[in-house]
Each structure stands twice: as structure tokens, then as C-alpha cells.
Amino acid sequence: MTAPISEQLDDAASQREEGARKMDWARQHMPIMAALREEFEADQPFAGEVIGMAMHVEAKTAVLAEVLAAGGAEVAITGCNPLSTHDDVSAALDAIDGITSYAKRGVDDDAYYDAMDAVVAHEPTITVDDGGDLVFLIHEEYPELIETIIGGCEETTTGVHRLRAMADDGALDYPMFAVNDTPMKRLFDNVHGTGESSLASIAMTTNLSWAGKTVVVAGYGHCGKGVAKKASGQNADVVVTEVEPRRALEAHMEGYDVLPMAEAAAEGDVFITTTGNRDVVVGEHFDAMQDGVLLANAGHFDVEIDLDALEAKAVDTYEARDGVTAYEMDDGRRLNVLAEGRLVNLATPVALGHPVEVMDQSFGIQAVCARELVENGDEYDAGVHDVPDDLDREVAEIKLAAEGVAFDSLSDAQRDYMDSWQHGT
Ligand code: NAI
């Protein structure tokens, strides 16, 4: 069984110090987490609960874990992607009372799942997931734990899709909040967070400019909209590919070129996939691409770019830069894949994930959903649940207060008017 991270690192003490510094910076920019921490410290809502987490273990996630621990929880955490863990942050987390971290960067599949087994061995009563691996593992391998699990929270689109598919098959046996789908998460994290951090990570990893480039964005959903908008804001020409007619039309009306990938392949300098689907960029597309293109994925799993097909076509592969693998074709073209096709904003060596302010919102929702489970868990059946709107509003109001933004409220007359159907011309 995997040991806690502190027992896996040779230089755990210096790593802990650096991780704590990163957490301190994040904490300074997370007013929602600060407000919830104060409340949780006073009320101890999670006393006696064990919270199992599988998330990207970096500074912002660490702040969420420490806030849950401050509320009385025993927390056991591991990564949800083999390349997104910051070992220093993982070590700093592991040193906090009530928290055990098993997350380590660069682990192979066996070590990845061993660490998840180690989290489950704590017998969580609440699960917090990003991508659904923990919920899936518990249902497959540890169904005996389900009886004592109050419920869980899911962070991302792909995880919510997975959970809904489980629920449709009658295979989801405890309640899960679709944290991803609530406005305070999706309209900010997926759009602005993914847009800003994917572009920043690609630019930092390659040291190349956006200006004058043609950027092909696959998928014009929440993440795709953010990536397209921010790339356009950096003076790139944006081409969108889609399979959903209304999303394709939306992209067209926004002023972007919309093309099938088979045509876009020859146009692009940079390709960024944001579909949550598989096989979006495949063999025939590689054949059409120009020398030097960058291929990056911002969707949850590493299946959007067909790396097996690319590997099969390559006469040579080599590390062109840290985080960039060049695949050389027999005609001399080099196609450059970032972060092994994994989440580019989290998995390149310089990646930092979403901006802190954005994750403050997403994790604020995670925290209030966990609180809702301990307070009212009995009210939720097994299945996928929307985040109650009053919880979403609560987090928005904390954020606005912290930003010093005042806003209007409805008068009684306005409320009556909005609720009535008798008013006409
Ligand atoms: P979404 O459902 O809003 O958008 C996905 C879009 O991709 C849809 O419009 C869909 O029609 C389109 N699509 C599906 N298959 C396609 C194909 N073959 N070609 C072109 N378009 C296709 O989902 P959202 O919220 O944008 O999430 C997308 C992915 O990003 C998910 O895997 C999600 O988990 C992940 N995600 C990643 C984040 C990050 O930090 N990188 C943050 C949040 C979500």
C-alpha cells in the first residue's frame, strides 16, 4: 500500500517549506475559503467525518483540504491526474494535523491507483472527486463502504457525465452533487479558468507568442468558449470545430471561423481540445498538419488527441523542451505534443492550474456542498443532484462582499410582479 507522501520524499522538510509558501500565497487570494474557514472552525460541521479526496493536488486544492480539516474532518487526499500533483504542496498538506496526502507527481498507473486505494482505506464518509475515479473505485472495489458514505461532490464536466451515466444504469449508489454544473463554478472556472490557464501554460511551456497564430479550438462548450475568447484577445485567429449545431452556430455568430477538423487541421498553428470526448484529433488530421504545430489538450482525460496513431506515424520522437514531445514525420514535419496530451493547464512542468480567484469560487461550492451533506444528507437519494441554488448564491454573496461590490436587491413590489402572471399590456 502507498505510504503518505512525506515517507516517499528524500527532501520532505524542504519540500514542505516550499509547499507551505505556495499555500500561503493562495490563501491570501481566497476570501471565500477564508470566510468558510472561520465558520467551520467555530461550528466544526465535519467532526467525526472522513473526507476522501481525489483532486489536482496543488496549492488551491490544498487550501480546500485544510479548510475541511479545520472544520473537524479527517482528510485523506490523492491526485486525480498522474502529472498534476505538486510534490511540495502534497508534502505541506501531509504535515497538517488531520490530513494525509498520498499524491505524488509522475506516478505510473499502478502507483496512481495504489494511492487511491490508500485514500479509500481511511473509509471516507464523504468523497470529493475531480473526474470520478474515486467514486468509480469505491463502487467497483469497495461497495461495502457505501452504506456509511453520506454523499460526495464532483468537480468537473467529465466526472459529472460519468456519474450521470452510472445513475442512468442504476449503478450510482450514493448521492453526488454536480458541483461542476452550478453557475458559480461553470461560468467562471470552466470559461475563464480554463481559458486563461491553458493559454498561459502553453505560452510558458513553449516561449511562443499567440499573436498572428491560427488557434484551432475543438469544442465550443464552456471551456472552449473561454479558450477561444482569450486566444482571440491575444491577437490569434481562432477556428472552432464542433459537433453540436447550436454551439457551432454560436461560434460562427461570435465571429470565429467554424470548420470540420479535417479542414482545420491544415490551417492551425496551435490545436487545443476541450471536448471531454475521445479521438478528436486523429491520424488523417496529423497527415494534413504543418511543420511545427503545437497540440494541447484541456479536456479531462488524455484521449482527445490520438497519441497512439501519432506515435505509429512518427519516425522519431524526442523531448523538444520540458513538457513538449516532438513527433517527427517521415517528410520531416515535427508535430509537438504538450504534457503528453494530458490537461495542459495542469500537467506541463510549469503549469499552475486555474487562477487562484477562480478556484476560490469552485472550492467554495465544494465546501458548502460538503457542509450540506452533513447537515441534510438524509434528504438526498442516491443519484446526481444539482447544487441547491441558495448555496450557489451564498458563495456569490461572500465573493461580492470580499470584492467590495454592492448590488441591488428586488423590492417587494418587484418580487410580486416577477411572480405574478396577471400583468399584461
Ligand atoms: P461542455 O459540455 O460545455 O463542452 C464540450 C463541447 O465539446 C460541447 O459543445 C460538445 O458538443 C463538443 N464536442 C464533443 N465532441 C466533440 C468533437 N468530437 N469535436 C468537436 N466538438 C466536440 O464541457 P466543458 O465544461 O467545456 O468541459 C470540457 C472538458 O474539459 C471536460 O472533459 C471537462 O471535464 C474538462 N474541464 C477541464 C478543465 C481544465 O482545467 N482544463 C476545467 C473544467 C473542465
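The values are calculated or read from the model by the stated rules, or taken from the named source; none is laboratory data. Keep in mind it's a predicted model, so treat the numbers as computed, not measured. Neighbour counts run over all protein chains shown; Cβ positions are idealised from the backbone, glycine included. In case anyone asks, the SASA skips ligands and DNA or RNA and just uses the protein heavy atoms, side chains included. Shrake-Rupley method; radii C 1.70, N 1.55, O 1.52, S 1.80 Å.
Here the Karplus relation 6.51 cos²θ - 1.76 cosθ + 1.60, evaluated at θ = phi - 60°, turns the backbone of segment 18-33 into coupling constants of 5, x, 5, 5, 5, 5, 5, 4, 4, 4, 5, 10, 10, x, 5, 5 Hz, with x for every Gly and Pro. Each Cα pair under 8 Å and six or more residues apart adds its sequence gap; the mean of these over the residue count of the chain is a relative contact order of 16 percent. Between Ser209, Ser84, Ser201, the GNM of the chain built on Cα springs shorter than 10 angstrom shows Ser209 fluctuating the most.
Hydrodynamic radius of segment 248-400 by the Kirkwood approach over all distinct alpha-carbon pairs: 18.4 Å. Using the Karplus relation 6.51 cos²θ - 1.76 cosθ + 1.60 with θ = phi - 60°, the per-residue 3J(HN,Hα) values for segment 325-335 come to 9, 8, 10, 9, 8, 5, 8, x, 5, 10, 10 Hz, with x marking Gly and Pro. On a C-alpha basis, how far is the centre of segment 303-334 from the centre of segment 148-219 in Å? Whole number, if you could? What the calculation gives is 26 Å, centre to centre.
What percent do you get for the relative contact order of segment 101-220 when only Cα pairs under 8 Å and 6+ apart count?
Reported as a whole number, the value is 18 percent.
Straight-line cross-link partners of Lys104 among the lysines, defined as a Cα under 27 Å from its Cα and at least 8 positions apart when in the same chain: Lys22, Lys60, Lys185. For segment 307-320, putting each phi into the Karplus relation 6.51 cos²θ - 1.76 cosθ + 1.60 with θ = phi - 60° gives couplings of 5, 5, 5, 5, 4, 5, 7, 6, 8, 7, 10, 7, 7, 6 Hz, in residue order, rounded to whole numbers and with x for Gly and Pro.
From largest to smallest, what semi-axes in whole angstrom does the chain give when each is the square root of 5 times an eigenvalue of its alpha carbon gyration tensor? Display every interim value, and only then the final one.
Details: eigenvalues 244, 164, 84 Å².
Semi-axis lengths for the chain are 35, 29, 20 Å.
Here's how it looks for Asp257: its modeled amide H is under 5 Å from those of Val238, Val240, which are all 5 or more places away or on a different chain. In this structure, the amide hydrogen of Ala218, modeled 1.01 Å from its nitrogen in the peptide plane, lies closer than 5 angstrom to those of Thr241, Ile272, Thr273, Thr274, counting only residues at least 5 positions away or on a different chain. Build a GNM of the chain with springs between Cα atoms under 10 Å apart, and of Tyr318, Tyr256, Tyr102 the one that fluctuates most is Tyr318. Amide H contacts under 5 Å for Leu83: Gly106, restricted to partners 5 or more places along the chain or on a different chain, H placed in the peptide plane at 1.01 Å from N.
Taking all protein chains together and a probe of 1.4 Å, list Leu400, Leu410, Leu68 from the most accessible to the least accessible. Intermediate values should be presented prior to the final figure.
Values: Leu400 55, Leu410 90, Leu68 0 Å².
Descending order: Leu410, Leu400, Leu68.
Between Met253 and Trp421, what is the FRET efficiency for a Förster distance of 41 Å, r being their Cβ-Cβ separation, to the nearest 0.05? Efficiency for this residue pair is about 0.80.
Once the Cβ-Cβ distance of Asn207 and Asp316 is raised to the sixth power relative to R0 = 25 Å, the FRET efficiency obtained is 0.65.
Contact order for segment 231-357, expressed relative to its length and based on alpha carbon pairs under 8 Å spaced 6+ residues apart, stands at 18 percent. Our helix-only sum for the chain, with -39,500 (n - 2.57) per DSSP H run of n ≥ 4 divided by its residues, gives a mean residue ellipticity at 222 nm of -13000 deg cm²/dmol. Each part gets one Cα centre, and for segment 116-144 versus segment 27-72 those centres are 19 Å apart.
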